[in-house]
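Engineer: Right, I'll just put the structure down here and ask away after.
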Ligand SMILES: *Cc1c(COP(=O)(O)O)cnc(C)c1O
């Protein structure tokens, strides 16, 4: 594993994808997903210029956060969060990417000591194994969600099936983008809905074509 080479390559490939999509240079933020590596490796990655760190589990999030808290990073919790764990982690989180139920939103409302930026996770591909709201479910819940003023609903997050073809990826990401725009136009309280969290190591290119503003990249940094 050569972190320096991998990091340069990831940033280069993302920059190419942004250009090919005809978008502004700085319109996509790269979150380095450090769940595969220890604190030392994550720290070495930060020395390479990474500014956004993502973890999918609360315990690993807190380990990295406490070890690297002096480095002025932006912290993303990207994985499923159990309600009973909200209390111990939520106030350290800059962006939470996996808000997938009204009950979880209510728990965040109760526990957060400041307004937390959250992505609503949607299950556009309708895979059984994936978390997230269906489109219909989410649209029905918007009035109740938008009343929770300790949450800033910055955008939507989605994950595509592992085996999806490039064409299928484009369809899933496009549909997510359309839903984001639809919600944005409602101008609900606490719901700017300007962002899209989509794209991982194997599908960031398609996600960037469909307007992603945060890509979550793990494997490509650490192979
Ligand atoms: C692990 C993970 C990623 C990163 O996936 P890679 O394929 O390793 O780039 C992105 N998002 C979530 C929610 C993850 O759990």
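The values are calculated or read from the model by the stated rules, or taken from the named source; none is laboratory data. Remember, it's a predicted structure, so these values are computed and weren't measured experimentally. Virtual Cβ from ideal backbone geometry, glycine too; neighbours counted across all protein chains shown.
Engineer: Does at least one position in the stretch 192-205 carry a residue that is part of a helix (DSSP H, G or I) and either touching a residue at least 24 places away in the same chain (Cβ under 8 Å) or over 16 Å from the mean Cα position of the chain (by Cα) (or both)?
Structural biologist: Yes: one or more hits.
Engineer: Based on this model, can you work out whether residue 134 counts as touching a strand residue (DSSP E or B) at 6+ places or on another chain (Cβ under 8 Å) and surrounded by fewer than 17 Cβ atoms within 10 Å (Cβ to Cβ)?
Structural biologist: yes
The rows are residues; the columns are (1) within 16 Å of the ligand (Cβ to nearest atom); (2) under 17 Å from residue 195 (Cα atoms).
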residue	(1), (2)
33	yes, no
42	yes, no
54	yes, yes
57	yes, no
60	yes, no
70	no, no
75	yes, yes
95	yes, yes
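Engineer: I would also like to ask the following. So which of 194, 165, 219 is at pLDDT 95 or above, within 16 Å of the ligand (Cβ to nearest atom) and at negative phi?
Structural biologist: 219 is the lone residue from the list that is at pLDDT 95 or above, within 16 Å of the ligand (Cβ to nearest atom) and at negative phi.
Engineer: Does residue 201 count as away from the ligand (no atom under 11 Å from the Cβ), under 30 Å from residue 4 (Cβ atoms) and surrounded by fewer than 21 Cβ atoms within 10 Å (Cβ to Cβ)?
Structural biologist: Numbers: away from the ligand (no atom under 11 Å from the Cβ): no; under 30 Å from residue 4 (Cβ atoms): yes; surrounded by fewer than 21 Cβ atoms within 10 Å (Cβ to Cβ): yes.
No.
This table checks each residue for (1) away from the ligand (no atom under 16 Å from the Cβ); (2) touching a residue at least 60 places away in the same chain (Cβ under 8 Å); (3) touching a helix residue (DSSP H, G or I) at 6+ places or on another chain (Cβ under 9 Å).
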{"site": "112", "(1), (2), (3)": "yes, no, yes"}
{"site": "183", "(1), (2), (3)": "yes, no, yes"}
{"site": "207", "(1), (2), (3)": "no, no, yes"}
{"site": "214", "(1), (2), (3)": "no, yes, no"}
{"site": "223", "(1), (2), (3)": "no, yes, yes"}
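Engineer: Restricting attention to the stretch 119-129, and to residues there that are assigned to a strand (DSSP E or B) and in contact with a helix residue (DSSP H, G or I) (Cβ under 7 Å, 6 or more places away or on another chain), which single residue is surrounded by the most Cβ atoms within 10 Å (Cβ to Cβ)?
Structural biologist: To start, the set of residues in the stretch 119-129 that are assigned to a strand (DSSP E or B) comprises 119-122.
Keeping just the survivors that are in contact with a helix residue (DSSP H, G or I) (Cβ under 7 Å, 6 or more places away or on another chain) gives 120, 122.
Values: 120: 28, 122: 25.
The selected residue is 120.
Engineer: So how many residues does the stretch 130-177 have that are within 18 Å of the chain's Cα centre (by Cα) and not in a helix (DSSP H, G or I)?
Structural biologist: Number satisfying all stated conditions: 17.
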